[in-house]
1. Mind checking the angle between helix 64-74 and the chain's longest principal axis? C-alpha axes, 0 to 90 degrees, to the nearest 10.
2. Taking the Cα centre of the chain as the origin and placing charges on Cβ (Lys, Arg +1; Asp, Glu -1), which of VAL267, TYR223, VAL46 is farthest toward the positive end of the dipole?
3. Tell me, what is the FRET efficiency for TYR205 and ARG601 to the nearest 0.05, using R0 = 41 angstrom and their Cβ-Cβ distance as r?
4. List THR651, THR397 from most exposed to least, where exposure is judged by having the fewest other Cβ atoms within 10 Å.
5. What size of dipole, in debye to the nearest 20, comes out for the stretch 338-478 about its Cα centre when the only charges are +1 on Lys and Arg C-beta atoms and -1 on Asp and Glu C-beta atoms?
6. Filter LYS398/LYS450; LYS376/LYS535; LYS104/LYS126; LYS349/LYS535 down to the pairs with a C-alpha to C-alpha distance above 32 Å, please.
7. Which of rounded, prolate or oblate describes the stretch 584-658 when judged by the alpha-carbon gyration tensor and an a/c cut-off of 1.5?
8. Which order results if PHE151, PHE532 are arranged by neighbouring Cβ count within 10 Å, fewest first?
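Taken together, the values in this text are just the output of simple stated rules run on the coordinates, not laboratory data. Everything quoted here is computed from the prediction, not taken from an experiment. As a convention, Cβ positions derive from the backbone with ideal geometry for all residues, glycine included, and neighbour counts pool all protein chains shown.
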Amino acid sequence: MEQEQIHGILQLSGIGVWRIEMEEGKTPRFYADAVMDDLLGISWPVTPEERFTFHRGQIHPDDLQLFLDYSSMLSETRSEIVYRYIHPVSGEMVVRCSGARDPKVTDHISIIGTHQDISETARLEKDKLAERRLAEMNRSLRKEQVQQESFFRELMDIQSCGLLAYTLPGRRILHMNAEALRMFGVKNVQEMQENMATFLARIYYPDPETLSCLRVLREQDSYVDYECILNPGREEECHIMARTKTFTVPDSERVAVSTFLDVSDMVMLREALRKAEEGSRAKSSFLFAMSHDLRTPMNAIIGYADLMAAHWEERDLAREYLSKLRDAGCFLLSLIGNVLEVSRIESGKESLQEAPWNLDHLRESVDVLMEEEVRKKNLTVTTQFDLPRPNVVCDETKLREILMNFMSNAVKYTPVGGKIHLSLEEKILPDESGAILNIAVTDTGIGIAKEYIPHLFEAFSRERNSSESGILGTGLGLRIVKSFVDLMDGSVSVDSTLGKGSCFTAEIPLRFADGEPHEHVFGEKVNVDFPFGGKRILLAEDNALNAEITSTILEDEGMEVETATDGAAAISLLQNAPEGRYDLILMDIQMPHMNGYQAARVIRTLPGERGRIPIIAMTANAFEEDRQEALAAGMDSYVTKPVDREKLLGTMAEVLSGRRDAADKE
Ligand code: ADP
């Protein structure tokens, strides 16, 4: 292609052509075509030297050094540069300049080249670069954000504090951490979102003020600290210390953030501590009451014994003191009985001993036991019995104890001249499989304060202690009643007005018995019309006082008594005496060296009549297990201590005549 043609094409493409001549000691000369001058912004006539100077002056100062390096390179080799040129009219432009030394010129340096405005391309490239850079930055920002988010999420998830953030209104959950999911018992945020209303309804606020404070937060940005219970009564029940804060996110919605701290363990500990403190308070006040209540009958016993000694000759007076002394002893005994009973209940040992029984006997127990007290206080006692099918299966002792507790309280807490009404009603079940026995005792006594009623059935609890009220008691009776009724699957209730009177009711479900029950009438005077005279009794008893009392009772009936101080001594007496010397052994249970059970077992292994000798256990433990154990050790019957003369003689008569209690032999 001809040089002219090339030049034409270059011109059309907007590429300027130039030539620079450099001679030592002279200003370089810069030749340019019209396009080139356009590009340089030279619209007036200039000399090549002026063009050269002008061009240098318009190079962007930041690129000047680059350009100079390039220029010096051009004298050696072909080269290209992109630099910024300040066009006098259109301002900064990016130009690409290519040049090479003209090899034909040898006496000085002649460089020819092209000059092209690549501002547009450069801009595009710059934009692209910027875009790429931006994308890159965005990518790394996003990565950083994701990392940060997961960091914060993790940070929130490791919190022992639950966190729930949601919009107001609309309740769109923005965030919920792992602890909050656990507390609400949900797997994920979606589950919570779908059931939000249900979950929020399951929060119980012990302080009634809380809800109205939270309502205020809906309208106004603030915060509330409160306590609440999540899922009350459920397995997931959680006691929470919470803070809810509302605020407005700039240019966005209002947000509520709640933090929840699970304080269930603390609440449990606090409750346990409260119970322990309450228990120890109740026990100390019980001990206080006990020491008072034990002292009162003890003082009476010692006092009356002294009085008796002083008035020994005045028989009537002495007899009266004696009877009072016995009353005090009986009270002491029932006190100890109650304490034992409660300790059995509290250790979970109490169980039902059910057998067929006739409910009509409940009437007799009232008559037998209450007579004396009622007479003394001039109380009017009325009764109403409606027992259409009295043959039932029940634990007669416990049933009687419930009734007696109600009755004795009514007598105790009703002042002189008051009224007591007992109603025993059997409501037969529709399917006739059994009945509900309703025991109700109403009195016109001192009544019970409303505030005290929730504590009535607690052990060792009394509305007023004995020194305040002057009425003896330990606060154990109703506790015993309540646990007996519970054992029988029944219920107990009270209705009382202070100063007017009370009504205690127990409702107990009972099954009907098949046929007539085995009769054993409570309070019946046992048969002591037995020829005891001349019977020889071996008494095993380590306590000298008890031994003396028992021996005296027996000797008064004409019996001969030989005493052993423990089980082993009793066995050796029996073995060393001729066969048939003793008619019966009375065996105390708790003795040193060898106790009553062990001794009985050994005796039953002896040959001949010795091994078959009737044995009656005398035990201070009045519970069913003790009776069972005595029978299991091979004894024939048992009596409880302190020894009741008639009961002892009655049991001995039964055993000696061979008419042993059938039930005992089962
Ligand atoms: P105690 O009679 O030995 O104190 P209880 O457990 O039988 O024990 O009764 C607990 C308390 O309940 C009594 O101390 C008394 O304050 C109150 N109480 C029981 N029964 C009556 C009643 N019929 N009238 C008034 N108060 C009663």
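1. 50
2. Of the listed residues, the answer is VAL46.
3. 0.05
4. Numbers: THR651 23, THR397 15.
So the ranking, lowest neighbour count to highest, is THR397, THR651.
5. 520
6. Violating the 32 Å Cα-Cα cut-off are LYS376/LYS535; LYS104/LYS126; LYS349/LYS535.
7. The shape class here is oblate.
8. In order of increasing Cβ crowding within 10 Å: PHE151, PHE532.
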